[in-house]
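Colleague: The structure under discussion is supplied below as C-alpha cells; questions concerning it will follow.
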Amino acid sequence: MKDLVAYMARNLVNDPSQVRVRERNRTRSVVLELSVAPEDMGRVIGKGGRVANAMRVILRVAAMRQGKRATLNIVES
C-alpha cells in the first residue's frame, strides 16, 4: 500500500524526489503519512480536497482487499 500511495503522489507532483511515505502498521489497520515538497502540496490536496479524497478511496479499496483498514494523512515536510 505504501508503494501505491507513492506511485500516485509521484505522478501528481512536479518534484517526485521529494515524495516520502511513512507507514505505521497496527493490528488490523495501516496509517500512511504522505509528505511532498511545499510547492506541490496543492497538487496533492487538490481543489476542495478532491485529489486527496480520491487517493484515500483508492487506498481504502486496496486495503479492504487485504482485509485491513487504511488511513492516509498528508503532512507538511
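The values are calculated or read from the model by the stated rules, or taken from the named source; none is laboratory data. Keep in mind that this is a model prediction, so the values were computed, not measured. Note: ideal-geometry Cβ built from the backbone for every residue, glycine included; neighbour counts use all protein chains shown.
Colleague: Which pairs do you get when a residue that is closer than 14 Å to A9 by Cβ, found in segment 50-64, comes within reach of a residue that is small (G, A, S) and surrounded by 11 or more Cβ atoms within 10 Å (Cβ to Cβ), reach meaning Cβ atoms under 7 angstrom, with the pair 6+ apart or on two chains?
Modeller: Once the first residue is closer than 14 Å to A9 by Cβ and sits in segment 50-64, its partners that are small (G, A, S) and surrounded by 11 or more Cβ atoms within 10 Å (Cβ to Cβ) give A52/G46; L59/A70.
Colleague: Okay, moving on. Go through (1) over 9 Å from the mean Cα position of the chain (by Cα); (2) of a type in the set (D, E, K, R); (3) under 19 Å from R60 (Cα atoms) for E33 and report which single condition fails.
Modeller: It is condition (1) that E33 fails.
Colleague: Would you point out the residue of segment 56-77, among those that are buried (at least 17 other Cβ atoms within 10 Å of the Cβ) and under 15 Å from R20 (Cβ atoms), that is nearest to the chain's Cα centre (by Cα)?
Modeller: Filtering segment 56-77 for residues that are buried (at least 17 other Cβ atoms within 10 Å of the Cβ) and under 15 Å from R20 (Cβ atoms), the one nearest to the chain's Cα centre (by Cα) comes out as L72.
Colleague: Just the residues that are surrounded by fewer than 18 Cβ atoms within 10 Å (Cβ to Cβ) and closer than 19 Å to R10 by Cβ, please, taken from segment 20-39.
Modeller: Those that are surrounded by fewer than 18 Cβ atoms within 10 Å (Cβ to Cβ) and closer than 19 Å to R10 by Cβ: R20, R22, E23, E33, A37, P38, E39.
Colleague: Please specify each residue of segment 24-77 satisfying the condition of being of a type in the set (D, E) and at pLDDT 95 or above.
Modeller: First, pick out the residues of segment 24-77 that are of a type in the set (D, E): 33, 39-40, 76.
Selection gives E33, E39, D40.
Colleague: Quick one: R20 ticks every box in (1) over 14 Å from the mean Cα position of the chain (by Cα); (2) farther than 22 Å from Q66 by Cβ; (3) among the basic types (K, R) bar one, so which box is it?
Modeller: Among (1) over 14 Å from the mean Cα position of the chain (by Cα); (2) farther than 22 Å from Q66 by Cβ; (3) among the basic types (K, R), the lone unmet condition for R20 is (1).
Colleague: Continuing with this model, one more query. Can you spot a residue in segment 45-56 that is over 17 Å from L4 (Cα atoms) and in contact with a helix residue (DSSP H, G or I) (Cβ under 9 Å, 6 or more places away or on another chain)?
Modeller: yes
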